[in-house]
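Before any comments, here is the structure.
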Amino acid sequence: MTPGQVLTLGQSMLEVVALLAAPLLIPALAVGLLIGMFQAATQINEMTLSFIPKLVIVGAALIIAGPWMLTTFLSYTIELYMNIPNLIG
């Protein structure tokens, strides 16, 4: 395996990780920002006020994007296993 192949594998792995994390992190970020603005405006500093809505929105995003995330991960894994002979020799 050449260093170029290792870098290509690492780059594609990071792309897949970013694609799989984005559907969960972006809604959590948006909800956290909205709740933070609400807490700053009302001066309510309740920890559960920020945790519970984020938990709900991440769960909903996981239900909605879960099948796509699973197919993306499986296709990457299958492609990786199929390329093992090319990478070794």
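Any read-out appearing in this document is the output of simple, stated calculations on the displayed coordinates, not a laboratory observation. Computed from a prediction, not measured in an experiment: that's the story for all the values here.
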Over the Cα atoms of segment 16-88, each weighted equally, I'd like the Debye log10 I(q)/I(0) at q = 0.27 Å⁻¹, rounded to two decimals. -1.12
When the chain is modelled as a GNM with alpha-carbon springs shorter than 10 Å, which of M37, M69, M13 fluctuates the most? M37
Helix 47-82 versus the longest principal axis of the chain: what is the Cα-based angle in degrees, 0 to 90, to the nearest 10? 10
At 222 nm, what helix-only mean residue ellipticity would the chain give, in deg cm²/dmol to the nearest 500, using -39500 (n - 2.57) for each DSSP H run of four or more? -32500 deg cm²/dmol
Against the longest principal axis of the chain, how steep is helix 3-42, in degrees 0 to 90 to the nearest 10, with axes from Cα atoms? 10
